[in-house]
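Some notes on the structure that comes next.
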């Protein structure tokens, strides 16, 4: 299923964009930086063409996708959680080629401040787009009565939390995100630049729980998994 | 106001047109290019770096200043090269193989150039062999590596190992950074240094290169 979205649905939050540039939410932001933010979001609105593709996948089939080329960490959250899933869907989402070009152009022409603001805004919008695809999948499951009331959905991506980036190859072979213009490089990186892919896991909320005690957790300082689990419990 | 201080102030304020005009004026007045660079442009960037470090200004201010610094450098660079003036050091930077997140690496490059270093930016998804070979052939003193994915962090170790195998440890030093990278991880893989943000990376490179 291919989904098109309007930019207003993925407009980045100002605090989040400024946060990516190390500007805390309590900061007294100077006018010239707010003006940069306004210009960046305007450029993003003009360049972004947000699209996503979703495809249901059976647990056994996903086991094969997830196995990838055998480079995953021995234990991973996705590996522990997906066998308990009620439903799974592969997804890919992109802001399109033009946004990446605008960022590159900004750096090439030495508009470093604007380019980095645009990059931060685009990253936020790409995340918002993936979130929107996730919500859309959850809504469909609920409308069809395929999810328990206490169930929830969370997404995971190759490259993070022990799921090796080479896992993209089988994910792409199954999902075919080329349909919305996303391709994979030899090193398994996605083009356009601002694209997100992965699996959406629908399961009872309790089935999503895990402790961050995997080998790779020791080196991680982002703790995003904790925020995501907290948000899931609060839904 | 001193003419070089005026250049520094233009850099600090991020006024790139003014920085270029003032730089051209002092070139025309016969001031040595190295003096203009050190006491005008770099002096301005040093103030910017310090203000950023103590949270007086934000990253976009640093980038506006860098643009002003570059505007002046464009005029000075041919003169410095013609005069045989060497840079403060040559640095190879890149985002490691399998990773395309290069905004942090770009910022480090911008700020290193702003601090007077020669920077060879290999871009993203860079193989360890290419980093080491480029540093060796170009005579670089530091390789700066960035990773955002936890699954690509081990590539940094490969670079450190390749340098050791080629007996280049110590000659070419390694600096690592990126959101999931920590000082502990840098130590574990045998990297020479860790930079927690772009401004800090510049300080660390200065230390590694033994310049002020």
May I ask you to verify whether residue A:21 is within 14 Å of chain B (Cβ to nearest Cβ) and more than 30 Å from residue A:206 (Cα to Cα)? yes
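Restricting attention to the range A:152-184, which residues are part of a loop (DSSP other than H, G, I, E, B) and in contact (Cβ under 8 Å) with a residue 60 or more places away in the chain? Spell out the reasoning first.
Restricting attention to the range A:152-184, the residues satisfying the condition of being part of a loop (DSSP other than H, G, I, E, B) are A:157-164, A:176, A:181-182.
A:158, A:161, A:162, A:163, A:164, A:176, A:181, A:182 - these are the residues of the range A:152-184 that are part of a loop (DSSP other than H, G, I, E, B) and in contact (Cβ under 8 Å) with a residue 60 or more places away in the chain.
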Considering only the range B:117-132, I want to know if a residue exists there that is surrounded by fewer than 24 Cβ atoms within 10 Å (Cβ to Cβ), farther than 22 Å from residue B:175 by Cα and more than 16 Å from the chain's Cα centre (by Cα). no
Being within 12 Å of chain A (Cβ to nearest Cβ), farther than 25 Å from residue B:32 by Cα and surrounded by 23 or more Cβ atoms within 10 Å (Cβ to Cβ) is the filter here; which residues of the range B:59-92 pass it? B:59, B:60, B:62, B:63, B:64
What's the total number of residues in the range A:97-114 that are touching a helix residue (DSSP H, G or I) at 6+ places or on another chain (Cβ under 7 Å), more than 8 Å from chain B (Cβ to nearest Cβ), within 27 Å of residue A:180 (Cα to Cα) and buried (at least 19 other Cβ atoms within 10 Å of the Cβ)? 4
Could you list, in sequence order, the residues of the range A:76-96 that are part of a loop (DSSP other than H, G, I, E, B) and within 14 Å of another protein chain (Cβ to nearest Cβ)? A:76
Which residue out of B:160, B:176, B:202, B:108 is at pLDDT 95 or above, away from every other protein chain (no Cβ under 11 Å), part of a helix (DSSP H, G or I) and crowded, with 18+ Cβ neighbours inside 10 Å? B:160
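Rundown of residues vs (1) surrounded by fewer than 16 Cβ atoms within 10 Å (Cβ to Cβ); (2) farther than 27 Å from residue A:3 by Cα; (3) within 14 Å of chain B (Cβ to nearest Cβ), yes/no style:
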site: A:138; (1), (2), (3): no, no, no
site: A:146; (1), (2), (3): yes, no, no
site: A:176; (1), (2), (3): yes, no, no
site: A:192; (1), (2), (3): no, no, yes
site: A:198; (1), (2), (3): no, no, yes
site: A:201; (1), (2), (3): no, no, no
site: A:218; (1), (2), (3): yes, yes, yes
Mind checking whether some residue in the range A:55-76 is out of contact with any helix residue (DSSP H, G or I) (no Cβ under 6 Å at 6 or more places or on another chain), crowded, with 20+ Cβ neighbours inside 10 Å and closer than 16 Å to residue A:133 by Cα? yes
Name the one entry in B:75, B:64 that is assigned to a helix (DSSP H, G or I), within 21 Å of residue B:106 (Cα to Cα) and in contact (Cβ under 8 Å) with a residue 24 or more places away in the chain. B:64
On the given criteria, is residue B:37 touching a residue at least 60 places away in the same chain (Cβ under 8 Å) and farther than 30 Å from residue A:26 by Cα? yes
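The values are calculated or read from the model by the stated rules, or taken from the named source; none is laboratory data. What you see is a predicted model; the values in this text were computed from it and never measured. No Cβ is skipped: glycine too gets one built from the backbone with ideal geometry, and neighbour counts run over all protein chains shown.
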